[in-house]
Structures are given as structure tokens and as C-alpha cells.
Amino acid sequence: MTSSQKNRMKSRYHNAHSVSLCAGHSGVTGGTGFIGSHCVVELIQANHSVTVISNLANSVSASDFIDTLCKKYCVKKFIFSSSPAVYGKPIKFPIKEEYATGVGITNPYGKSKYMIEKILNDITLIDKEWKIISLRYFNPIGAHPSGIIGENPTEIPDQLMPFIIQVLKRKLPYLTVFGNDFETPDGTCIRDYIHVVDAARGHLSALNRIANGKCGGFEMYNLGMGKGHSVMEIVKAMQYATGKNIPIKMMPRRLGDVPCLCCDPTLAAKNLSWKTTFTLEEMCRDVFNWLKKNPNGFDDEEKQELKQG
Ligand SMILES: CC(=O)N[C@H]1[C@@H](OP(=O)(O)OP(=O)(O)OC[C@H]2O[C@@H](n3ccc(=O)[nH]c3=O)[C@H](O)[C@@H]2O)O[C@H](CO)[C@H](O)[C@@H]1O
């Protein structure tokens, strides 16, 4: 991997973790791209092998994206980075793609994902040239097993694993556990965690489906292990992987958190020939490996590269 390729992967990782999962797709044939979360947009432009990454936060709406960017670059086939948040507060588990979306969504993030999915679905109904796969990936954690790419939180993170990383780095004194009174075995929320490499593989599988002409229009897939782990199980697994104590402080529930989000990944297995390959232990192992190799995140490497000119 050249240094510029590595930098591109890194910048995607910094922009939004969902977009980072797209790393390594620049070899994909033209006309295919991704819309990541937080309005980070990547287009892989037909024939020119040009990757345009624009952080368009707050400056572009979904309809602007379609009307201007997609039409301008002739991109009618892409992967949309969606979220299980579109399911709102599901009543049945594990969650299947056919379950209702849009009902009881507890946060604006989930609402925007839901609305964009609806717009994209409509587009594929009107114009059959559009082929869009929406990937609802559950909770991606981990790092590349090489230890070259990993999560590098710079501020106080909102999400669980980045927060634990900051505690392990002693940048934060303890992990705040949001609620231990949920209707789950240990009272803490259950999520379906997947390794970032599995999530990246899911993108490749989805791209292959589109490239092979098998995508019927707008399709959506759950990317998850099909097995949930509670916040306390994640803490214990990280303690085991690192051999370090992770201090915790119990706090009230966080607004919008649902007790359990755990998927049925059968459809992805059937249509995308995709399933997870990493265990929770391996996710934690790779986070720790990344941390050991990069105690200052990307900072040291960037300084080194600057020195070398
Ligand atoms: C509301 C929201 O934006 N949901 C997104 C968030 O899901 P989640 O809200 O499930 O992810 P998260 O990592 O923020 O939280 C996971 C679990 O850990 C708990 N927790 C989290 C942080 C912390 O400091 N302490 C703590 O206890 C939290 O209450 C939850 O039960 O991220 C996912 C990807 O990773 C998806 O993109 C979800 O759509």
C-alpha cells in the first residue's frame, strides 16, 4: 500500500467510522460510490478512476446530492451507509430487513437515515438505471488486524468503544455506563457488534452484487453478527484483551437508547454471500493491538512523514 493510499484510508477513517469501512474500494469500476453517514460523500467517478471525497456536512441535502452530484458524475449505483436506527424501537428480535422502519425512531440521526432510504427507494422505482444497496450495519468496532489502521478519537467520544479507548489511554478517568435498568440480563444495553473488517467486506459484497447486475433496484441488508453483547460484556471483553482495569461509573439512561438491537443477518448471507468472520474477542484484540502500536494514534506517523518531507 502506498503512502498516499494509506493517507486516503486514514482520512476516511477520521471523517466518519462508517465511511472508513469503505477503505480499499478505489479499484472498483466506475459509476459506483458510497454515501456515508454525516453527509460525507464519496463518489468514484466513471472511467477516470478519480475518487472525490467531500465533507459536505450541513451544506448538502439528500436531494441536492441526487440532483447535482450524482447526475453530474453519472453515479447511479452506490452503497448507502444506513443504520439499524431506522428500525426505531423494534418489538421482535432478531431484527429482519422486512420489519417496519420509521416507527418510534428515537433520534434525529435515525430519522435522517430513514428518510434518505425512502428517497433512494423512490428514485429506483422511477428510473430503473439506479441500483442502490443500503447497508444497515449494526455496531462496527475493532481495527485492522495489521495494527496500521484504527480508531483515533480526538475529542470526548459519544460511542462506546472510542470512549473505552480514551479511558485505556487515561485521557478520560472512567467509562460512563448509560443505564443498568434496561430489560436485559445484566440491565445494560445490548448491541450487535461487528468487526470493521467484516463491515468493509460487506461493502465489497454489496458492490459485487451491483456490479454483477443482481441488484433489483433498492435493496437493504443488515450487517451484524446476529448475536448481541451488553455494555458490561464489552467492558469485560476489553479488560480481558488488554489485561487492564476499565473503571466505570453508572449513570442514568442516555436519551434515545433502546435496550436491544440485534439483527438477523440471513438475507446478507443469502444474497451477498456475506457473514461475519471475527469474534468479539478478536475485535477487542485488534483494538488493543492498534493501541499498542499507535499509542498516539496517527500523530507520530504524521510527524514522521512531515519530517521526511
Ligand atoms: C443513536 C445513534 O446514533 N445510534 C448509532 C450508534 O449506535 P449506538 O448508540 O448503539 O452505539 P454507541 O456505541 O453509542 O452505544 C452502544 C451502547 O453503549 C452505551 N454507551 C455508549 C457510550 C458510553 O460512553 N457509554 C455507554 O454506556 C450506549 O448506551 C449503548 O447502549 O452507533 C451505531 C454504529 O456504531 C449506529 O450508527 C447507530 O445508528
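Read-outs throughout are calculated quantities, based only on the coordinates presented, and are distinct from any laboratory measurement. These numbers were taken from a predicted model, which means no experiment stands behind them. All Cβ positions, glycine included, derive from the backbone under ideal geometry; neighbour counts span all protein chains shown.
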Which value, in debye to the nearest 20, gives the size of the charge dipole of segment 119-206 about its Cα centre, when Lys and Arg are +1 and Asp and Glu are -1 at the Cβ? 360
Would segment 69-147 count as rounded, prolate or oblate if I go by the C-alpha gyration tensor, calling it rounded below 1.5 in a/c and otherwise prolate when a/b exceeds b/c, oblate otherwise? oblate
K169, K249 arranged by Cβ crowding within 10 Å, fewest neighbours leading: K249, K169
Per DSSP, loop trypsin sites (Lys or Arg not before Pro) in segment 79-131 with at most 12 further Cβ within 10 Å: K92, K128
Put in order of increasing Cβ neighbours within 10 Å, starting from the fewest, I165, I132, I156 give I156, I132, I165
Positive minus negative residues near I95 (Lys, Arg vs Asp, Glu; Cβ under 14 Å): +2
Indicate the gyration tensor shape class of segment 130-274 (rounded, prolate or oblate), computed on the Cα atoms with a ≥ b ≥ c the square roots of the eigenvalues: a/c under 1.5 is rounded; otherwise a/b larger than b/c is prolate and the rest oblate. prolate
Using the count of nearby Cβ atoms within 10 Å as a rough guide to exposure, how do V103, V287 rank from fewest to most? V103, V287
How far, in nm, would the chain grow between T106 and K270 when pulled straight, counting 0.36 nm per residue and subtracting the alpha carbon separation? 56.0 nm
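For I210, what charge total do you get from the other residues with a beta carbon under 11 Å from its beta carbon, if Lys and Arg give +1 and Asp and Glu give -1? Mind dumping the intermediate values first?
Numbers: positive: K76, K77, K131, R209, K214; negative: E219.
That works out to +4.
Between R254 and C74, what is 0.36 nm times their sequence separation minus the Cα-Cα distance? Round to one decimal in nm.
60.6 nm
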Give, as a single signed number, the net charge of other residues whose beta carbon lies under 11 Å from the beta carbon of M238, with Lys and Arg counted +1 and Asp and Glu -1. +1
Gained length - I246 relative to K169, 0.36 nm times residue gap less alpha-carbon distance: 26.7 nm
Evaluate the relative contact order of segment 168-252 (contact order divided by residue number), counting alpha-carbon pairs under 8 angstrom at least 6 apart; express in whole percent. 50
Would you work out if segment 195-309 is rounded, prolate or oblate? Take a ≥ b ≥ c from the square roots of the eigenvalues of the alpha-carbon gyration tensor; rounded if a/c is under 1.5, else prolate when a/b is larger than b/c, oblate otherwise. oblate
Evaluate the relative contact order of segment 216-266 (contact order divided by residue number), counting alpha-carbon pairs under 8 angstrom at least 6 apart; express in whole percent. 68
